[in-house]
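To start, the structure under review is shown below, and the notes come after it.
The values are calculated or read from the model by the stated rules, or taken from the named source; none is laboratory data. These numbers were taken from a predicted model, which means no experiment stands behind them. Every residue, glycine among them, receives a Cβ derived from its backbone with ideal geometry; neighbour counts consider all protein chains shown.
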Amino acid sequence: MASRFTEKQAKIAHFISSGPKTAEEISSKLNLPLNEVSEELKGMMKLRLVRQGGYPLKYSLAPEIENKLKERKEISLEDSYKLRLKIITDVQSIEESLAMKSLDEVEKALRQESDFTIYDIHKAKPVKEGEHYTSYLEAELSVKDFPALVRLVYFFGPTTIEVLRPAKLEIPVEELQDGIMDMVEMVQSYNYHILKLMNKKELDEFQRKLLK
């Protein structure tokens, strides 16, 4: 989601998505101390993720967040892919506009992949670090199978991958074989082009490091 919840806030958000709840109801249902619930709600209020009203005082999701959760639920109902991930891809550029353009291109490419189902994409505002602007794209998505995961890693180069679900996954041997062969082909192609760019001294140093 564009507004990023903490783990506790995500639990609160999902609970109150069914309707307004008091802090006491949230505390009881989620088995969280009331003071922790109150602090999380304050933080969510500052970020305009929730709203409050009525008597006794009840909390509900902000309309934008509520609509986003409904959208994600609709996507989930039509999504047949089992492997759900959260990835982060970093970009770096000499200009802020170019960094944002790179993020836009990554997003476009992700959305065009038929073997991915996109749940949410968040693009961070570029920050200047030294002579460059750095930023990142965070995406939650599902992938069709193991070969699709291999393509995701190779072509999009995420710096981190978090497996959200399932807790356990069985991969048919044919699917595993296809993914491994794709991986071998991609790595060999990458090595070939890298080695072509190296002179003999650089190649010797590269091989020496590999053999350490």
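Hey, Leu69 hits all of (1) under 27 Å from Glu25 (Cβ atoms); (2) part of a helix (DSSP H, G or I); (3) out of contact with any helix residue (DSSP H, G or I) (no Cβ under 9 Å at 6 or more places or on another chain) but one; which does it fall short on? If we test Leu69 against (1) under 27 Å from Glu25 (Cβ atoms); (2) part of a helix (DSSP H, G or I); (3) out of contact with any helix residue (DSSP H, G or I) (no Cβ under 9 Å at 6 or more places or on another chain), just (3) comes out false. Considering each of Ser97, Ser28, Ser18, Ser93 in turn, give the residue that is at pLDDT 95 or above and of a type outside the set (Val, Ile, Thr). None of the others qualify; the one that does is Ser28. The residue of the stretch 75-98 that is surrounded by the fewest Cβ atoms within 10 Å (Cβ to Cβ), among those that are in contact (Cβ under 8 Å) with a residue 40 or more places away in the chain and part of a helix (DSSP H, G or I), is Ser76.
For the stretch 38-55, filtered to residues that are more than 25 Å from the chain's Cα centre (by Cα) and in contact (Cβ under 8 Å) with a residue 12 or more places away in the chain, the residue that is farthest from Ala13 (Cα to Cα) is Gly54. If only residues of the stretch 99-113 that are small (Gly, Ala, Ser) and in contact with a strand residue (DSSP E or B) (Cβ under 6 Å, 6 or more places away or on another chain) are counted, the one that is surrounded by the most Cβ atoms within 10 Å (Cβ to Cβ) is Ala99.
If the condition is being surrounded by 11 or more Cβ atoms within 10 Å (Cβ to Cβ) and outside any helix (DSSP H, G or I), then the stretch 32-56 contributes Leu32, Leu47, Arg48, Leu49, Val50, Arg51, Gln52. Residues that are over 30 Å from Lys21 (Cβ atoms), aliphatic (A, V, I, L, M) and part of a strand (DSSP E or B): does the stretch 100-116 have at least one? No; the residues of the stretch 100-116 include none that is over 30 Å from Lys21 (Cβ atoms), aliphatic (A, V, I, L, M) and part of a strand (DSSP E or B). Scanning the stretch 50-107 for residues that are in contact with a Gly (Cβ under 9 Å, 6 or more places away or on another chain), charged (D, E, K, R) and closer than 22 Å to Val37 by Cα yields a single hit, Lys58.
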